[in-house]
1. Using the Cβ atoms and a cut-off under 12 Å, what net charge is assigned to the surroundings of Asp52, where Lys and Arg are +1 and Asp and Glu are -1?
2. What label, among [x] 54, 27, 27; [y] 36, 32, 24; [z] 65, 38, 23, belongs to Cα extents along the principal axes in Å computed from the structure on display?
3. What's the carbon and sulfur percent of the chain's accessible surface, probe 1.4 angstrom, rounded to a whole number?
4. Report the Cα centroid-to-centroid distance between the range 68-106 and the range 1-33 in angstrom, as an integer.
5. Check the straight Cα-Cα distances from Lys29 and name the aspartates and glutamates below 14 Å, setting aside those fewer than 8 residues away within the same chain.
6. Quick check: net charge around Gly70, other residues with Cβ under 13 Å of its Cβ, Lys/Arg +1 and Asp/Glu -1?
7. Can you give me the accessible area per residue for the range 49-105, using a 1.4 Å probe, in Å²?
8. Can you tell me the relative contact order of the chain? Whole percent, Cα pairs under 8 Å, sequence separation 6 or more.
Amino acid sequence: MSLLLDTHALIWWLLEPERLSRLAYDHIKSGERRLFVSTASVYEVEYKRKHDSSLDRLPRNIPESVPRLGFEWLPIEATDAFRAARFDKAHRDPWDRIIAAQAWRRELSLITIDRDLTVACQRWDIPTLW
């Protein structure tokens, strides 16, 4: 099973790994699975960095740093955007919908604590892990 980290899971892994569930932490730490981060997370991190000074502790160059930490970038493709737009309205956050669509299309499990996203993913047949 390969895994896709939701943006907050990436942030917590980098800044406060103790906030991750034991299961999420163990799966990331084990190195036994391919670990992906959506390119949507670059946008989210940089957008939030302007509004949340705690994110200043993150590496300044996220695009270069994430692969050095053992994660693979997962680019957003047109089919991901198409799928995200076609999900029912169970969850409205557009970035979460894109990340979910990326997981759905590639049969990845999504690491997320976001309860609303988890419920939507159940409706969309996307496995989640926390």
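The values are calculated or read from the model by the stated rules, or taken from the named source; none is laboratory data. Here the structure is a predicted model, which is why all the values come from computation and not from measurement. Note: ideal-geometry Cβ built from the backbone for every residue, glycine included; neighbour counts use all protein chains shown. Note: accessible area is taken over every heavy atom of the protein model, side chains too, but ligands, DNA and RNA are not part of it. Shrake-Rupley method; radii C 1.70, N 1.55, O 1.52, S 1.80 Å.
1. Computed value for this residue: +1.
2. Computed from these coordinates, Cα extents along the principal axes in Å corresponds to label [y].
3. Percent of accessible area from carbon and sulfur atoms in the chain: 50.
4. Using only Cα atoms to place each centre, the spacing works out to 18 Å.
5. Straight-distance partners of Lys29: Glu16, Glu18.
6. Net local charge, Gly70 excluded: +2.
7. Numbers: 3470 Å² over 57 residues.
I get 61 Å² per residue for this part.
8. For the chain, the relative contact order is 31 percent.
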